[in-house]
Amino acid sequence: MKKVLVTGSSGLVGSEVCVFFSKRGYLIHGLDNNQRAVFFGPQGDTRWNQARLQKEIPSFHHHEMDVRDRIGIGNLVKDIRPDAIIHAAAQPSHDRAASIPFDDFDTNAVGTLNMLEAARQFAPETPFIYMSTNKVYGDAPNRIKLKELETRWDFDDRDYENGIPEGFSIDQSKHSLFGASKVAADVMVQEYGRYFNMPTCCLRGVPYGTQS
């Protein structure tokens, strides 16, 4: 049976990734330590989602671990030797990042580096998918001319009629500390792919309720 390692498995994105792969016959290894409860208090607690996955997915194995635990991450990847890695763990808040800059950067940037290096050492052929964010572009998209439609605003520029392309500049823009830490991780994922010839991928998702 193929194995997938999902970080941030109790979060919104990570949990749905677990469900997706379980329906396709994968053995699911979920990594989470309920860090959202530390960042945001009781309202951020995700144990309920962990319990849901353990109840609904027979092939689900929970690993209580922080992505900042470099040695632990390396040992876990070495033991599992996953067929795919989906890295969704993150400190997700713009506002919170400003008050906990070290926790934010250590989780988003250094945590991603820990995952990449573990993959390079113990599973270099394994596809590594990083759940990035459209916030890597900072506020630069605000410079694109807009037009008002009946129910929403959209870009009024043919170059962006299908959205913002990956080649859109991430420089000379204001990101928030959260956006900057995600940029660092995003670029590192790309670099490991190019420098070490690893199969890495960044998916720059759009937060719920917003557009890119």
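The values are calculated or read from the model by the stated rules, or taken from the named source; none is laboratory data. For clarity, every value in this text was computed on a predicted model and none was experimentally measured. Here the Cβ is made from the backbone with ideal geometry for all residues, glycine too, and neighbour counts use every protein chain on show. When the accessible area is computed, the model is the full protein with side chains, heavy atoms only, and any ligands, DNA or RNA have been set aside. Shrake-Rupley method; radii C 1.70, N 1.55, O 1.52, S 1.80 Å.
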Legend entry - Index of the failed condition, Val13 passing every other in (1) in contact (Cβ under 8 Å) with a residue 40 or more places away in the chain; (2) open to solvent by less than 30 Å² (accessible area, probe 1.4 Å); (3) in a helix (DSSP H, G or I): (2)
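Which of the following residues is more than 18 Å from Ile28 (Cβ to Cβ), touching a residue at least 40 places away in the same chain (Cβ under 8 Å), among the hydrophobic types (A, V, I, L, M, F, W, C) and in contact with a Phe, Trp or Tyr (Cβ under 8 Å, 6 or more places away or on another chain): Ala97, Ala90, Ala109, Ala84? Break it down stepwise before answering.
Values: Ala90 fails: in contact with a Phe, Trp or Tyr (Cβ under 8 Å, 6 or more places away or on another chain); Ala109 fails: in contact with a Phe, Trp or Tyr (Cβ under 8 Å, 6 or more places away or on another chain); Ala84 fails: more than 18 Å from Ile28 (Cβ to Cβ).
When all the criteria are applied, what remains is Ala97.
Among the strands (runs of 3 or more DSSP E) confined wholly to the stretch 132-212, which include 1 or more residues that are under 15 Å from Ala90 (Cα atoms) and open to solvent by less than 90 Å² (accessible area, probe 1.4 Å)?
On the way: elements: 146-148, 153-155, 200-205.
In the stretch 132-212, the matching strands (runs of 3 or more DSSP E) lie at 200-205.
So which residues in the stretch 36-78 are polar (S, T, N, Q) and open to solvent by 40 Å² or more (accessible area, probe 1.4 Å)?
Residues of the stretch 36-78 polar (S, T, N, Q): 43, 46, 49-50, 54, 59, 75.
Within the stretch 36-78, Gln43, Gln54, Asn75 meet the criteria.
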